[in-house]
Amino acid sequence: MLTGRKLEGHFGSTDGWGGLGLKGATDEALISRVAGSGDGRALSELYDRYGGLVYGAGMRYLGDRTLAEDLVQDVFVSVWRKAATFDASRAAFSTWVYRITRNRATDLARRREARVRTVAPPAEGAYPEPGEGDGSEQTVRMFDLVGALSGLSPAHREVLVLAYFEGLSQREISTRTNMPLGTVKSRTTAALRAARKRLLAPEEHPKDG
């Protein structure tokens, strides 16, 4: 996948992969920093949030590890170059980066098909474009969920990440974070409520928690 060294080669110094305070920033605030000053640290934080999803989408759409890695690099080069075109009034960052991912995946699939055709004609339907029975709805939901989490407070985001991305029980979260179990339960309930509101009407909830 796209490594810190490759990021640095494309975008200049990433200065510590994330920088102080960036982990608590929304996606939209981060892309604004990329657009405004070319902040490589902000781009690295976006990569931390979405790089794995882009790679997973590449494996789902393209079925090839090398192409999935190429997709990650292509997508974040596009995010870097097109940062100034992002318009938060038209779409959430998660939606925008997913569209870039689909477009770049389609380009890579067509490029692969063109190479194969120079050797032998592909079987009909061998290279379906993204959206044709490839689980794209689930992929969209994952992008949306990460986008919703990015707008929560760090405390709310922490418990949901531990619960839904690491699969920890509430008791395990309590042990991991040294929080009382009752606090974990109440914080999880509040975090789910805030995330649900952002998923249903993200434009009405610029920052929850």
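The values are calculated or read from the model by the stated rules, or taken from the named source; none is laboratory data. It should be emphasised that the depicted structure is a prediction, and the values quoted were computed from it without experimental measurement. Glycine gets a Cβ as well: all are built from the backbone with ideal geometry, and neighbour counts include every protein chain shown.
Among the listed residues R171, R112, R187, R104, which satisfies the condition of being modelled with pLDDT of 85 or more and either farther than 27 Å from E45 by Cα or not in a helix (DSSP H, G or I) (or both)? Only one candidate qualifies: R171.
Condition first: in a helix (DSSP H, G or I) and charged (D, E, K, R). Now tell me which residues in the stretch 32-56 satisfy that.
R33, R41, E45, D48, R49
Selection within the stretch 39-53: residues that are in contact with a Lys or Arg (Cβ under 9 Å, 6 or more places away or on another chain) and buried (at least 18 other Cβ atoms within 10 Å of the Cβ). The member of this set that is nearest to S150 (Cα to Cα) is E45.
In the stretch 116-168, the qualifying residues are those that are part of a loop (DSSP other than H, G, I, E, B) and of a type in the set (A, V, I, L, M), and the one that is modelled with the lowest pLDDT is A126.
Of all residues in the stretch 146-182, how many are free of Cβ contacts under 8 Å to residues at least 24 places away in the same chain and buried (at least 16 other Cβ atoms within 10 Å of the Cβ)? Residues that pass the stated criteria total 9. The set of residues in the stretch 57-72 that are outside any loop (DSSP other than H, G, I, E, B) and over 16 Å from F143 (Cα atoms) comprises L62, R65, T66, L67, A68, E69, D70.
If a residue must be without any contact (Cβ under 8 Å) to a residue 40 or more places away in the chain and either crowded, with 18+ Cβ neighbours inside 10 Å or not small (G, A, S) (or both), how many such residues does the stretch 69-83 contain?
Step one: of the stretch 69-83, the residues without any contact (Cβ under 8 Å) to a residue 40 or more places away in the chain are 70-71, 74-75, 78, 81-82.
Next, only the ones that are either crowded, with 18+ Cβ neighbours inside 10 Å or not small (G, A, S) (or both) stay: 70-71, 74-75, 81-82.
So the answer is 6.
Each residue in the stretch 45-56 was checked for being closer than 15 Å to F93 by Cβ and without any contact (Cβ under 8 Å) to a residue 60 or more places away in the chain, and 6 of them qualify.
If you filter the stretch 13-36 down to residues that are modelled with pLDDT under 90 and over 16 Å from R157 (Cβ atoms), you find that the one that is nearest to the chain's Cα centre (by Cα) is W17. Please determine, by comparing only the residues of the stretch 77-101 that are in contact with a Gly (Cβ under 7 Å, 6 or more places away or on another chain) and in a helix (DSSP H, G or I), which one is nearest to G40 (Cα to Cα). That would be F93.
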